[in-house]
Amino acid sequence: MINNYKEFKDFLNNLTTKPTLLLHACCAPCSSYTIELLRNYFDITIFYSNDNIYPKTEYDKRLDEITRFIKNFPDIKLISDGYNGDDYNNIVSGYEHLGEKSKRCYLCYKLRLTKTVLMAKKLNFDYFSTTLSISPYKIERWINEIGYELEKEYGINYLYSNFKKEDGYKKSIELSKKYNLYRQDYCGCKYSIEEKNYD
């Protein structure tokens, strides 16, 4: 188990093969620097699984944008599991109005990471992870806690995630400008529209 960012970097530098990684992605901007950091170490497939995004037109817009973005990287593939807003609504029922960085968000992380590990197991990936931790509005401690719990449960390696380190978020903004990426002004769910935080 990797416990901190230094151990994570040491792990990357000591890799002798290029394992397969199913990388959950919430949007193109958050994927940009994460891909730049990881693509020399892993054979990456982006997994777009975001039932939290509201409305469906926004979900489609973000999917179209990440599809356009990864065309810049012929070695990276993308898969999506489709949109099922009821999965998100059911899992956050009772926690809808708690706000950013609340139990509502924890449950949202868990939903998306669970779908990622299930897909990783189905498709025999070596590792799974998520781009979510690049955002300053996301709690990486929760993300990693969930990831390691799922690793134990499903037997698929979880890749430690704290991509905001080394100015990751700032670099993602710079890359968004370079590639002219659409940057949304709210996390994704209908409750976060009022909060207006970038994902």
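Below, the figures for the structure above:
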| item | result |
| --- | --- |
| Some residue of the stretch 135-157 being in contact with a Gly (Cβ under 8 Å, 6 or more places away or on another chain) and either touching a residue at least 12 places away in the same chain (Cβ under 8 Å) or among the basic types (Lys, Arg) (or both) | no |
| Failed condition for Lys9, given (1) under 13 Å from the mean Cα position of the chain (by Cα); (2) modelled with pLDDT of 95 or more; (3) of a type outside the set (Asp, Glu) | (1) |
| Qualifying residues in the stretch 180-197 (those that are without any contact (Cβ under 8 Å) to a residue 12 or more places away in the chain and assigned to a loop (DSSP other than H, G, I, E, B)) - the one least open to solvent (accessible area, probe 1.4 Å) | Lys196 |
| Selection status of Leu37, touching a residue at least 60 places away in the same chain (Cβ under 8 Å), open to solvent by 10 Å² or more (accessible area, probe 1.4 Å) and among the hydrophobic types (A, V, I, L, M, F, W, C) | yes |
| From Lys101, Lys171, Lys177, Lys121, residue being assigned to a loop (DSSP other than H, G, I, E, B) and among the charged types (D, E, K, R) | Lys101 |
| Given (1) within 17 Å of Ser80 (Cβ to Cβ); (2) among the basic types (Lys, Arg); (3) surrounded by 13 or more Cβ atoms within 10 Å (Cβ to Cβ), index of the condition Lys18 fails | (1) |
| Qualifying residue in the stretch 107-121 (condition: among the aliphatic types (A, V, I, L, M), without any contact (Cβ under 8 Å) to a residue 40 or more places away in the chain and under 21 Å from Glu149 (Cα atoms)) | yes |
| Selected residue (only one of Leu37, Leu21 is under 23 Å from Glu174 (Cα atoms), of a type in the set (A, V, I, L, M, F, W, C), modelled with pLDDT of 95 or more and under 18 Å from the mean Cα position of the chain (by Cα)) | Leu37 |
| Residues satisfying the stated conditions in the stretch 24-62, i.e. of a type in the set (A, V, I, L, M, F, W, C), touching a helix residue (DSSP H, G or I) at 6+ places or on another chain (Cβ under 7 Å) and not in a helix (DSSP H, G or I) | Ala25, Cys26, Cys27, Ile44, Ile46, Phe47, Ile53 |
| Which numbered condition Tyr54 fails, given (1) under 19 Å from Lys115 (Cα atoms); (2) open to solvent by less than 50 Å² (accessible area, probe 1.4 Å) | (2) |
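The values are calculated or read from the model by the stated rules, or taken from the named source; none is laboratory data. Not measured: the values here are computed from a predicted model. When we count neighbours, we look across all protein chains shown, and the Cβ atoms used for this are built from the backbone with ideal geometry, even at glycine. Areas reflect the complete protein model, heavy atoms only, side chains present, ligands, DNA and RNA absent. Shrake-Rupley method; radii C 1.70, N 1.55, O 1.52, S 1.80 Å.
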